[in-house]
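After the C-alpha cells below, expect a handful of questions from me.
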Amino acid sequence: MLRAYRWRTIDPVPYAKLEKPLADCRLALLSSAGFVAPGQERFDESIKGGDPSFREIASDIAVSTLIDTHRSESFDHTGLAKDPNVAFPIDRVRELDERGKIGSVNQRHFSFMGSLTATRRLTHQSAPAIADSLVADGVDIALLVPV
Amino acid sequence: MCNQAVGLVAAELERRGIATVSIQLLRFIAERVRPPRALCVPFAHGYPLGRPDEPDTQHAVIEAALRLLESDLRVPVLVDYRGE
C-alpha cells in the first residue's frame, strides 16, 4: 500500500535560511503522533481521509499527561504510552534550552494526526494556521516528529 | 503517512520564513515527498526518537537533526542518522 500510494511531492522545495546561531533561536515542536492534552478533543477516527485538525500544546505541559489518539494500528503504540517524549520530546527541548543549545522554547507547540491520505485540508488550512501562529510568536526554528 | 504530513507542514513553515528539520522514518517516502531538511532515522514506526525512557538517545537524534539547520547543504536535505 505504501509503495502504491501517490505521495505528494514538494516542488519547489522552499528554504528559509537560518539567519542566526541555534543558541539564539526560538524553537517550536510539532508532532504528528496525534497527541492531545487533557481536556482537548480527540482526533476523529471517522473522518474520511483522516482528521486534518490540530491541537495547540502549551509548553509547560507535563509530558506524561499527553494522550495518544493516533488512529493507525500499523505501528506499536506502547513506546508512546510509556514515554511520550519518543514523539513529542518536550522534556528534551527544555533541556536544550537549559543547556544553552537553543535560545528559547516557544510557549506553544502543535500536535496533529499524521495518518492522512487526503492532504488538502492539511496543506491549505491547518498548516497555514499553524504557520501564522508560529510567525506571530517569533519562532525561528521548528522540529517536526512523525510517528 | 505521518512522514508525508510532517514534510508538508514543514514546507509551509519554510515558506513563511521558519527553518525546519523533520525526522523521517522511511527513506523512500522522504525522497518522494522532499521535506526541506530531514534526518532519516533507523527506528521502527512508533519510535521516531528511539526507545522510550532513553533521553540520551533522544538528545543525540534531536541534536543531529538540529545540526542540519546550520548546514550549507542545498535543499532538499536528507541525511541518515548514524548514531551518537
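The values are calculated or read from the model by the stated rules, or taken from the named source; none is laboratory data. Predicted model only: the values in this text are computed from it and were never measured. Note that we place each Cβ from the backbone using ideal geometry, even for glycine, and neighbour counts take in every protein chain shown.
Which number in (1) touching a Leu at 6+ places or on another chain (Cβ under 6 Å); (2) more than 13 Å from chain B (Cβ to nearest Cβ) marks the one condition that A:Asp60 misses?
Unmet for A:Asp60, out of (1) touching a Leu at 6+ places or on another chain (Cβ under 6 Å); (2) more than 13 Å from chain B (Cβ to nearest Cβ): (1).
Next question. Restricting attention to region A:112-140, and to residues there that are of a type in the set (Gly, Ala, Ser) and at pLDDT 95 or above, which single residue is surrounded by the fewest Cβ atoms within 10 Å (Cβ to Cβ)? Explain how you work it out, then say what you get.
Kept after step one, since they are of a type in the set (Gly, Ala, Ser), are these residues of region A:112-140: A:114-115, A:118, A:126-127, A:129, A:131, A:133, A:136, A:138.
Going one step further and asking which of them are at pLDDT 95 or above, we end up with A:126-127, A:129, A:131, A:133, A:136, A:138.
On the way: A:Ser126: 22, A:Ala127: 26, A:Ala129: 14, A:Ala131: 22, A:Ser133: 16, A:Ala136: 8, A:Gly138: 10.
Top of the filtered list is A:Ala136.
What are the pairs with Cβ atoms under 6 angstrom where one residue, in region A:55-80, is under 22 Å from A:Asp137 (Cβ atoms) and the other, located anywhere, is crowded, with 17+ Cβ neighbours inside 10 Å and of a type in the set (Gly, Ala, Ser)? Sequence gap at least six, or different chains.
If the second residue must be crowded, with 17+ Cβ neighbours inside 10 Å and of a type in the set (Gly, Ala, Ser), the pairs left are A:Arg55/A:Ser111; A:Ile57/A:Ser111.
Being more than 7 Å from every other protein chain (Cβ to nearest Cβ) and under 14 Å from A:Leu143 (Cα atoms) narrows it down to one residue among B:Val61, B:Val6; which is it? Break it down stepwise before answering.
Details: B:Val6 fails: more than 7 Å from every other protein chain (Cβ to nearest Cβ).
Within the list B:Val61, B:Val6, the selection yields B:Val61.
Still on this structure, I have one more. Is it true that A:Ala16 is outside any loop (DSSP other than H, G, I, E, B) and hydrophobic (A, V, I, L, M, F, W, C)?
Details: outside any loop (DSSP other than H, G, I, E, B): no; hydrophobic (A, V, I, L, M, F, W, C): yes.
No.
Identify the single condition in (1) without any contact (Cβ under 8 Å) to a residue 12 or more places away in the chain; (2) in a loop (DSSP other than H, G, I, E, B); (3) over 21 Å from A:Ser115 (Cβ atoms); (4) not basic (Lys, Arg) that B:Val75 does not satisfy, given that it satisfies every other one.
The single condition B:Val75 does not satisfy is (1).
Here's another thing I want to ask about it. From the residues in region B:45-58 that are outside any loop (DSSP other than H, G, I, E, B) and facing chain A (nearest Cβ under 7 Å), which one is surrounded by the fewest Cβ atoms within 10 Å (Cβ to Cβ)? Write out each step before concluding.
As a first pass, look at region B:45-58 and keep what is outside any loop (DSSP other than H, G, I, E, B): B:55-58.
Right, trim to facing chain A (nearest Cβ under 7 Å) and you get B:55, B:58.
Working: B:Pro55: 16, B:Gln58: 23.
Top of the filtered list is B:Pro55.
Consider region B:9-43. How many of its residues are among the hydrophobic types (A, V, I, L, M, F, W, C), part of a loop (DSSP other than H, G, I, E, B) and either closer than 24 Å to A:Ala118 by Cβ or more than 7 Å from chain A (Cβ to nearest Cβ) (or both)? Can you show your working first?
Taking region B:9-43 as the starting set, the residues that turn out to be among the hydrophobic types (A, V, I, L, M, F, W, C) are B:9-11, B:13, B:18-19, B:21, B:23, B:25-26, B:28-30, B:33, B:38-41, B:43.
Subset that is part of a loop (DSSP other than H, G, I, E, B): B:18, B:25-26, B:41, B:43.
Of the ones still in play, those that are also either closer than 24 Å to A:Ala118 by Cβ or more than 7 Å from chain A (Cβ to nearest Cβ) (or both) are B:25-26, B:41, B:43.
Matching residues across region B:9-43 total 4.
Going by what's in this entry, would A:His109 be described as at pLDDT 95 or above and loosely packed, with under 13 Cβ neighbours inside 10 Å? Walk me through it before giving the result.
Details: at pLDDT 95 or above: yes; loosely packed, with under 13 Cβ neighbours inside 10 Å: no.
The answer is no for A:His109.
Could you tell me which of the residues B:Pro35, B:Pro42 is surrounded by 24 or more Cβ atoms within 10 Å (Cβ to Cβ) and in contact with a strand residue (DSSP E or B) (Cβ under 9 Å, 6 or more places away or on another chain)?
Working: B:Pro42 fails: surrounded by 24 or more Cβ atoms within 10 Å (Cβ to Cβ).
That would be B:Pro35, the only listed residue that is surrounded by 24 or more Cβ atoms within 10 Å (Cβ to Cβ) and in contact with a strand residue (DSSP E or B) (Cβ under 9 Å, 6 or more places away or on another chain).
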